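Below: one structure, written as structure tokens.
The values are calculated or read from the model by the stated rules, or taken from the named source; none is laboratory data. Computed from a predicted model, the values in this text were never measured in an experiment. With ideal geometry, Cβ positions are generated from the backbone for all residues, glycine too; neighbour counts draw on all protein chains shown. Accessible surface is based on the protein model in full, side chains and every heavy atom, while ligands, DNA and RNA are left aside. Shrake-Rupley method; radii C 1.70, N 1.55, O 1.52, S 1.80 Å.
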Amino acid sequence: GRPLLKREKGTIELTPEGKVIFKCAERVVRIAEDLEKRIKSMHEEVKPHLKVGTTPTYSKAIMPELLGSFQKTFPQVMIKLDTGSSEEMEKALLSGQNDIVIVANPTLSKKLHAIPFLKEELVLITPKDHVLSKKESISLREIRHHPLILREEGSATRKVVLSALKSMRITPSVLIEVKSTEFIKEWVSKGKGISVLIKRSIL
């Protein structure tokens, strides 16, 4: 309801009210421009993220090649790699902590979609001078009396081994449960027991 402009003798000037509004409008425009610049810079700095989960073995044996190839194709994507047992990674996927997981697990939740992309071979490892090391092939029954070093609870390898032994009604002589594959290999090499691992993890 207030005039902002006054016209006199062919000229246009701001009224006192117009001058107040003009100064406020200048500040509003500066704030709007600053806000636009900040939002734009945030979008330029933040890269899209892909959260990938996998097992410690795969993080060394498979992921470097896979992620290297992926980053060549999608250099703008920031990858976050998470590691843990197959069971831990499955839970992380269901909770939304990871976007995708690569695990050795034949019994994933029905809530997840699994795409098989390779098959793993499980092998028995023993000390070099062990009685079983001289044989071409070994049955599960032959390992029942030897101290067995297993992966930790939640490991797919452990699950497969124990399931196979249970199907034959064999109760293994479990010496120790370990999370680290490297620790298992070290203990076996020192004659502390035998173990069953993914072949790629011992090469």
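Test K119 against the stated conditions and say whether it is within 18 Å of the chain's Cα centre (by Cα) and either under 22 Å from L162 (Cβ atoms) or not basic (K, R) (or both).
No; evaluated as a whole, the condition is false for this residue.
Do the conditions hold for K9, that is, is it open to solvent by 80 Å² or more (accessible area, probe 1.4 Å) and either in contact with a helix residue (DSSP H, G or I) (Cβ under 6 Å, 6 or more places away or on another chain) or on the phi < 0 side of the Ramachandran plot (or both)?
Against the criterion (open to solvent by 80 Å² or more (accessible area, probe 1.4 Å) and either in contact with a helix residue (DSSP H, G or I) (Cβ under 6 Å, 6 or more places away or on another chain) or on the phi < 0 side of the Ramachandran plot (or both)), K9 does not qualify.
Hey, W187 hits all of (1) part of a helix (DSSP H, G or I); (2) surrounded by fewer than 16 Cβ atoms within 10 Å (Cβ to Cβ) but one; which does it fall short on?
With (1) part of a helix (DSSP H, G or I); (2) surrounded by fewer than 16 Cβ atoms within 10 Å (Cβ to Cβ) applied to W187, the lone miss is (2).
Within the stretch 44-51, does at least one residue satisfy the condition of being open to solvent by less than 80 Å² (accessible area, probe 1.4 Å) and closer than 30 Å to R151 by Cα?
Restricting attention to the stretch 44-51, the residues satisfying the condition of being open to solvent by less than 80 Å² (accessible area, probe 1.4 Å) are 48, 50-51.
When the remaining residues are screened for being closer than 30 Å to R151 by Cα, the result is 50-51.
There is at least one residue in the stretch 44-51 that is open to solvent by less than 80 Å² (accessible area, probe 1.4 Å) and closer than 30 Å to R151 by Cα.
Would it be correct to say that K159 is farther than 19 Å from K51 by Cβ and not acidic (D, E)?
Details: farther than 19 Å from K51 by Cβ: yes; not acidic (D, E): yes.
Here the answer is yes, as K159 does meet what is asked.
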